[in-house]
Amino acid sequence: MDRKIIIGTRGSDLALWQANFVKDSLAAINITAELKIIKTQGDRLLNLSFDKLEGKGFFTKELEEELLAGTIDVAVHSHKDLPTENPPGLIIAAVSEREDPAELLLMLKGVVDVHQKLSVKFGGLVGTSSNRRKAQLLAIRPDLEIDELRGNVPTRIGKLRDEKYDAIMLAKAGVSRLGIDLSEFHVEELTPTEFIPAPAQGALAIQIRESDHALFESLQALNHPDVVEELAMERGVLKAFGGGCHLPLGVYCRRDEGKFQVFTSKAESAEDFPDRLFIESDTLDGVTEKILARFAKDRKFAGKVFISRDISATSYFRRALEKNKIQIEARSLIRTVPVITKFDSYILRNMDWVFFTSKNAVEYFFKLGPQFPKKVKFGVMGAGSEDMLRRNGHFADFVGESNDTANVAADFAALANGSHILFPGADNPMRSIQHGLSADTKIIDLPVYETVLEEGVEASGAEILVFTSPSNVEAYFADNLLEPQQKVIAIGKSTGKKFDEMGVKYTLPFSPDEVGLAEAVFGI
């Protein structure tokens, strides 16, 4: 192409990085470009929250107007800022590779409390202008105070530095692109499967005039069709709900082992507890319709759910179900008792890691009063174990979040092979993690508790039965049969294996924690 391209962009540091990224990408395919900075409504009205601004394209409208007027040839947008429909005459010609769409929770080091989920002190003040973030934050930590936070990325970080907030939330993609040093803060990364991002978060959209066919063809060298397909799913859900940036909606689509996985979080308002849904499918055909059906205002839920675990009054799972008027019958069908009451901390002298496969293992191990003669790292299986570790005053250096212990074992092995590892646990462990470690890894199994099955377990009449371990399955079905109308949810593949042996169909939640369980119940 022999003409110079004019790229329209906002003037923030991040917008300029994005525009220069596109400019450099164009240069790589022998297209010369220059930048034109354009102010948008969202840049000018920094004293108003997003839901007070008019329209849906308050970070994009002015760029699109100049594109239509012919004063620029290309507009570069954060894809998540775009309305779900292009103005007549404009198209998205190319979509970039997607940066990690995770969220970062940045906090002042003086407010860090390891005993709390997300590590912000009880009642801490968190800055964000996103209703989506606010709803999901309050679902995890209802004690937090949320206040408006506007401005570009460096401005927001500066407000945290000035202690106007205890913590703030930012998209990881923006921080990564700007290469900002966050070492002065305590940072927790929330993956897009645990804290669902805005539709199209982390991707750039390159917008042009529909009539500019030559430029469209040239830009295909920068386009990523696989990302386009996933973002079309996310933005299709956003469009179906009639939403803009103010809607408390998170949607994330990805491919995993040949299947599409779609995660959705939606609340009625920023203060409302969000419902969450996980769908796995070979194809995206019909997935939007399935999501809409699950979130329909007139949908019917199960009247009662049984779960083989005690559930606290303030737990995420209880609040998620009771929001939809679902009764909970919670009772454990097993008892755990200590195997040992004394522990010689000398065994920890050469340990590099302590790995826990259950929250019971954490609880019984720390009841022994271990003394750590050197700095050790902690690995845990699942959010429940991580929470129990926090209650005992320690952060986890590794959290296995998959239902598939083989995947967790592989991820942990990449960090810990060749080291010394202590595995406190049950007296008859499955040793799934241990089997994934290399031969030169020093492994010590330390039985700290044993499991005793309850006898004469009473059947439940609940429509959905949730089983949290293989032992609970054994205890329940020793005396009971599954009723034809009852649905089963199994936490973890080892629990699911019990039902495979029985020939019983079941749902396996994406994550083996209370959030995953709530998603699974909502999806039935």
Original post:
Would you say A313 is out of contact with any helix residue (DSSP H, G or I) (no Cβ under 6 Å at 6 or more places or on another chain), surrounded by fewer than 15 Cβ atoms within 10 Å (Cβ to Cβ), among the small types (G, A, S) and not in a loop (DSSP other than H, G, I, E, B)?
Top reply: no
Subject >> segment 267-301 - residue that is surrounded by fewer than 19 Cβ atoms within 10 Å (Cβ to Cβ) and either touching a Pro at 6+ places or on another chain (Cβ under 6 Å) or acidic (D, E) (or both) and, of those, farthest from H246 (Cα to Cα) >> reply: D282
**OP:** Considering only residues that are of a type outside the set (D, E, K, R), closer than 13 Å to I421 by Cβ and at pLDDT 95 or above, look in segment 349-379 and name the one that is surrounded by the most Cβ atoms within 10 Å (Cβ to Cβ).
**Re:** F356
Original post:
When residues of segment 442-491 are filtered for being hydrophobic (A, V, I, L, M, F, W, C), free of Cβ contacts under 8 Å to residues at least 60 places away in the same chain and assigned to a strand (DSSP E or B), how many remain?
Top reply: 4
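Would you confirm whether or not segment 154-172 contains a residue that is of a type in the set (G, A, S), within 21 Å of the chain's Cα centre (by Cα) and at pLDDT 95 or above?
Pass one, segment 154-172, residues of a type in the set (G, A, S): 158, 167, 171.
Going one step further and asking which of them are within 21 Å of the chain's Cα centre (by Cα), we end up with 167, 171.
Filter once more, keeping what is at pLDDT 95 or above: 167, 171.
Checking segment 154-172: at least one residue is of a type in the set (G, A, S), within 21 Å of the chain's Cα centre (by Cα) and at pLDDT 95 or above.
Confirm whether P429 is surrounded by fewer than 19 Cβ atoms within 10 Å (Cβ to Cβ), at pLDDT below 95 and either out of contact with any helix residue (DSSP H, G or I) (no Cβ under 6 Å at 6 or more places or on another chain) or assigned to a helix (DSSP H, G or I) (or both). Show your work before the answer.
Numbers: surrounded by fewer than 19 Cβ atoms within 10 Å (Cβ to Cβ): yes; at pLDDT below 95: yes; either out of contact with any helix residue (DSSP H, G or I) (no Cβ under 6 Å at 6 or more places or on another chain) or assigned to a helix (DSSP H, G or I) (or both): yes.
Considered against the rule, which asks whether it is surrounded by fewer than 19 Cβ atoms within 10 Å (Cβ to Cβ), at pLDDT below 95 and either out of contact with any helix residue (DSSP H, G or I) (no Cβ under 6 Å at 6 or more places or on another chain) or assigned to a helix (DSSP H, G or I) (or both), P429 comes out as yes.
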Subject >> Residue count, segment 7-35 (criterion: crowded, with 17+ Cβ neighbours inside 10 Å, part of a strand (DSSP E or B) and not polar (S, T, N, Q)) >> reply: 4
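Looking only at segment 357-386, which residues are more than 22 Å from the chain's Cα centre (by Cα) and not in a helix (DSSP H, G or I)? Before you say what the answer is, go through the steps one by one.
Step one: list which residues in segment 357-386 are more than 22 Å from the chain's Cα centre (by Cα), which gives 360-377.
Result: L368, G369, P370, Q371, F372, P373, K374, K375, V376, K377.
Within the group F395, F467, F423, which residue is surrounded by fewer than 18 Cβ atoms within 10 Å (Cβ to Cβ), aromatic (F, W, Y), under 30 Å from H115 (Cβ atoms) and within 31 Å of the chain's Cα centre (by Cα)?
Values: F467 fails: surrounded by fewer than 18 Cβ atoms within 10 Å (Cβ to Cβ); F423 fails: surrounded by fewer than 18 Cβ atoms within 10 Å (Cβ to Cβ).
The conditions single out F395.
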**OP:** Can you give me the number of residues within segment 160-199 that are surrounded by fewer than 16 Cβ atoms within 10 Å (Cβ to Cβ), in a helix (DSSP H, G or I) and of a type outside the set (S, T, N, Q)?
**Re:** 1
Original post:
When both residues are 6+ apart or on different chains and their Cβ atoms are under 8 Å apart, which pairs have a first residue that lies in segment 234-256 and is closer than 18 Å to K290 by Cβ, and a second that is at pLDDT below 95 and small (G, A, S)?
Top reply: L249/G243
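Being within 16 Å of R335 (Cα to Cα), surrounded by fewer than 17 Cβ atoms within 10 Å (Cβ to Cβ) and touching a helix residue (DSSP H, G or I) at 6+ places or on another chain (Cβ under 8 Å) is the filter here, so list the residues in segment 439-453 that pass it.
Narrowing segment 439-453 to residues within 16 Å of R335 (Cα to Cα): 447-453.
Now restrict to residues that are surrounded by fewer than 17 Cβ atoms within 10 Å (Cβ to Cβ): 450, 452-453.
Result: L453, single match.
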Original post:
Which helices (runs of 4 or more DSSP H) sit wholly inside segment 211-310 and have at least 3 residues that are touching a Cys at 6+ places or on another chain (Cβ under 6 Å)?
Top reply: 225-240
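The values are calculated or read from the model by the stated rules, or taken from the named source; none is laboratory data. All figures in this text were calculated on a predicted structure; none of them were measured in a lab. Cβ sites come from the backbone with ideal geometry, for glycine too, and all protein chains shown count toward neighbours.
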